[in-house]
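The next block holds one structure in the form of structure tokens; read it before the comments.
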Amino acid sequence: IGPGWHFQAKSGWIGQIALKAYRERVDEEFSFEEGADIVPADYSFYGIESTFQTPSGGALSSMLIANAGTFYDGRRLSLAARPIWGISPDLSLTAYYQFNWIDFSKHGQELAMHIARLQALATFSTKFSASAFVQYNSAAHVLIVNARIRYNPREGNDIYLVYNDTLNGDRFREVPHLPSSSSRAIMLKLSYTFNIE
């Protein structure tokens, strides 16, 4: 909960700034990767959150996100950028990078996490499109891959061919060693819309 201010300029700039107060009860201990533990307790923490977005009419637009404040019984800083490049009306690329720094100095723990993402969307016709998504998370040491082809033979009906994979970036961090892929799937999905009278 907390107050915020949102603005939208005639030029297309959009932004918001908000002060947030959080209250959370943790019943069971959990951990972030690489040694940042949250012990059971009642937590109250605060932060400032801000988002700024450039005008979206041009070929290149972007969004900037910044969050800072206390976090459980520590501190957090989060910075992110998401540029979007409309190469053509039928092809767009979206990148995303996020840096998170969490400091639990009370128990001598600190964590820096990086998330990088790249997404492509191609529309070949009104009936045929394809998208691809790749994301790397440094805390979990995983690379997530998703590719999807969509065919729309008629309105309300869709056929999807989907490939998902979760690749382990650091296979030797555990014993026994992790497999190169912890989850892999190829799916064929059909969506059909019909009327019942």
Using the Kirkwood radius built from alpha carbon pairs, what does the Stokes-Einstein equation give as D for the stretch 57-111 at 10 °C and 1.306 mPa s, in µm² per second?
120
Could you check how much of the accessible area of the chain is carbon and sulfur, as a whole percent, using a 1.4 Å probe?
59
Percent relative contact order for the chain, counting Cα pairs under 8 Å at least six residues apart, stands at 11
Report the gain in length on full extension from Leu64 to Ala132: 0.36 nm times residue separation, minus Cα-Cα distance, nm rounded to one decimal.
22.2 nm
For Tyr163, what is the net charge nearby, where nearby means another residue's Cβ is under 9 Å from its Cβ and Lys, Arg count +1, Asp, Glu -1?
+1
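Give me the net charge of Pro40's neighbourhood, meaning all other residues with Cβ under 10 Å from the Cβ of Pro40; Lys, Arg count +1, Asp, Glu -1.
-3
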Please list, by residue number, everything in the stretch 55-76 whose backbone N is under 19 Å from a paramagnetic label point 7 Å out along Cα→Cβ of Arg23.
70-74
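Plugging the Kirkwood radius over Cα pairs into Stokes-Einstein for the chain, at a temperature of 10 °C and a viscosity of 1.306 mPa s, what D comes out in µm²/s?
78
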Contour excess over end-to-end distance, with Cα ends at Leu91 and Asn157 and 0.36 nm allotted per residue:
21.5 nm
Once you place label points 7 Å from the Cα toward the Cβ at His6 and Leu77, how far apart are they in nm?
2.9
Could you tell me how many cubic angstrom of Cα convex hull volume the stretch 83-140 has per residue?
80
Can you tell me which aspartates and glutamates have their Cα less than 13 Å from the Cα of Lys189? Leave out same-chain residues fewer than eight positions away.
Asp158
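Calculate the FRET efficiency for Glu110 and Ser182 from the Cβ-Cβ distance with a Förster distance of 22 Å, rounded to the nearest 0.05.
0.25
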If exposed trypsin sites (Lys or Arg not before Pro) are those in a DSSP loop with at most 13 other Cβ within 10 Å, what is the longest stretch of the chain that has none?
11-126
What whole-number volume per residue, in cubic angstrom, does the convex hull of the C-alpha atoms of the stretch 18-113 give?
116
May I ask you to list the chymotrypsin sites (Phe, Trp or Tyr not before Pro) in the stretch 97-175 that are in a DSSP loop and have at most 16 other Cβ atoms within 10 Å of their Cβ?
Phe124
Averaged per residue, the 1.4 Å probe accessible area of the chain, protein heavy atoms only, in Å², is roughly 66
Per DSSP, loop chymotrypsin sites (Phe, Trp or Tyr not before Pro) in the stretch 1-79 with at most 14 further Cβ within 10 Å:
Trp13
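The values are calculated or read from the model by the stated rules, or taken from the named source; none is laboratory data. Just so we're clear, the structure is a prediction, and the values are computed from it rather than from any experiment. Neighbour counts run over all protein chains shown; Cβ positions are idealised from the backbone, glycine included. Surface accessibility is based on the protein's heavy atoms, side chains included, excluding ligands, DNA and RNA. Shrake-Rupley method; radii C 1.70, N 1.55, O 1.52, S 1.80 Å.
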